[in-house]
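Structure record follows, encoded as structure tokens.
Every number in this text was worked out from the coordinates using simple rules, so none of it is lab data. Bear in mind the structure is a predicted one, so any value in this text is a computation, not a measurement. Neighbour counts are summed over all protein chains in view; Cβ atoms, including those assigned to glycine, are modelled from backbone coordinates with ideal geometry.
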Amino acid sequence: MSDSRVSPTSRRADVAAVLVTLVLPTLVTWLYFVVLNEAAASLQQGVFTAGKVVQFAFPIVWVLAIQRRRLRLACPKAAGVIEGIVFGLAVLVLMLLLYHGWLKPGGHFRSAGEAICRKVAGFGIDTPAKYIFFGAFYSLAHSFLEEYYYRWFIFGQLRRMIPLSAAVVVSSLGFTAHHVIVLHLYFGWSWITLLFSAAIALGGAAWAWIYHRGDSLVGPWMSHLLVDAAIFIIGYDLVGHLFTGA
């Protein structure tokens, strides 16, 4: 997905729009994971849904209604898709190896597992089917929406304003910011939070580069999908006992 290069908006307005999109996910995450952490499940779900609707609607509204750009579907390049899949599979395997070979046996997920269980319960997920459905939706749909949001819009806007390397760095840091809040909630200000945050930033940079090279969201989306799948596989190992009563 791409767009034409003619825009009636000023550079200042476009910069402001990018700043809004960089900050908005962190604000929504803070509300949902911190402010409403102990709130009723219905309120948590309502704020989460409303926040996501605003977040993912803003870029397309800005591009079509404010910048008045015309969108076009770009045919994905095979190399970009292959790069995305290979990178995603490599990260998936690495995550599972680290979790089962080091982090879980070392007890590094013990306290985080309890907090994750509470959050899953707050979502109203109380059966394996609900967990699988939620995981499938997040891995398939939400990963695409995040790629559209961070790579197509934020990175795509930034690379028109600043050098490519700076656009990669800024967009990947913006992608990382809201994850830091989640990681802090589960692991505190620990070396695990720093390690995972750095890994997320590197992943965001890799996806921005894959998107730039392939001029398509397909490659980074496939990669992001696989990484999210690994997260939910690990998550089930942590929360599966909630569904069995064990």
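Could you grab me the full set of residues in the stretch 37-46 that are over 20 Å from the mean Cα position of the chain (by Cα), part of a loop (DSSP other than H, G, I, E, B) and either on the phi > 0 side of the Ramachandran plot or not charged (D, E, K, R) (or both)?
Pass one, the stretch 37-46, residues over 20 Å from the mean Cα position of the chain (by Cα): 38-43.
From the residues that got through so far, the ones that are part of a loop (DSSP other than H, G, I, E, B) too are 38-40.
Within the stretch 37-46, A39, A40 meet the criteria.
Which one is surrounded by the most Cβ atoms within 10 Å (Cβ to Cβ) among residues in the stretch 140-160 that are within 10 Å of the chain's Cα centre (by Cα) and under 30 Å from G240 (Cβ atoms)? It would help to see each step written out before you state the result.
If we filter the stretch 140-160 for residues that are within 10 Å of the chain's Cα centre (by Cα), which is where we start, we get 142-147, 149-150.
Next, only the ones that are under 30 Å from G240 (Cβ atoms) stay: 142-147.
Working: H142: 16, S143: 22, F144: 18, L145: 16, E146: 21, E147: 28.
Within the stretch 140-160, the match that is surrounded by the most Cβ atoms within 10 Å (Cβ to Cβ) is E147.
Go through (1) over 19 Å from the mean Cα position of the chain (by Cα); (2) surrounded by fewer than 14 Cβ atoms within 10 Å (Cβ to Cβ); (3) in a helix (DSSP H, G or I) one by one and return the number of the condition T49 breaks.
(1)
Given the options G101, G80, name the one that is part of a helix (DSSP H, G or I) and free of Cβ contacts under 8 Å to residues at least 60 places away in the same chain.
Details: G80 fails: free of Cβ contacts under 8 Å to residues at least 60 places away in the same chain.
Answer to the selection: G101.
In the stretch 164-197, how many residues are assigned to a helix (DSSP H, G or I), of a type outside the set (A, V, I, L, M, F, W, C) and either closer than 23 Å to R118 by Cβ or without any contact (Cβ under 8 Å) to a residue 12 or more places away in the chain (or both)? If you could, list the steps in order and put the result at the bottom.
First, the residues of the stretch 164-197 that are assigned to a helix (DSSP H, G or I): 164-187, 191-197.
Now restrict to residues that are of a type outside the set (A, V, I, L, M, F, W, C): 165, 171-172, 174, 176, 178-179, 184, 186, 193, 197.
Narrowing the set further to residues that are either closer than 23 Å to R118 by Cβ or without any contact (Cβ under 8 Å) to a residue 12 or more places away in the chain (or both) leaves 165, 178-179, 184, 186, 193, 197.
Qualifying residue count for the region: 7.
State which residue is nearest to the chain's Cα centre (by Cα) when the search covers only the stretch 170-182 and only residues that are closer than 12 Å to A198 by Cα and β-branched (V, I, T). Lay out the reasoning, then the answer.
At the first step, the residues of the stretch 170-182 found to be closer than 12 Å to A198 by Cα are 172-173, 175-177, 179-180.
Restricting the remaining residues to those that are β-branched (V, I, T) gives 176, 180.
On the way: T176: 8, V180: 12 Å.
For the stretch 170-182, the residue satisfying everything is T176.
Condition test on Q45, is it polar (S, T, N, Q) and under 17 Å from Y148 (Cα atoms)?
no
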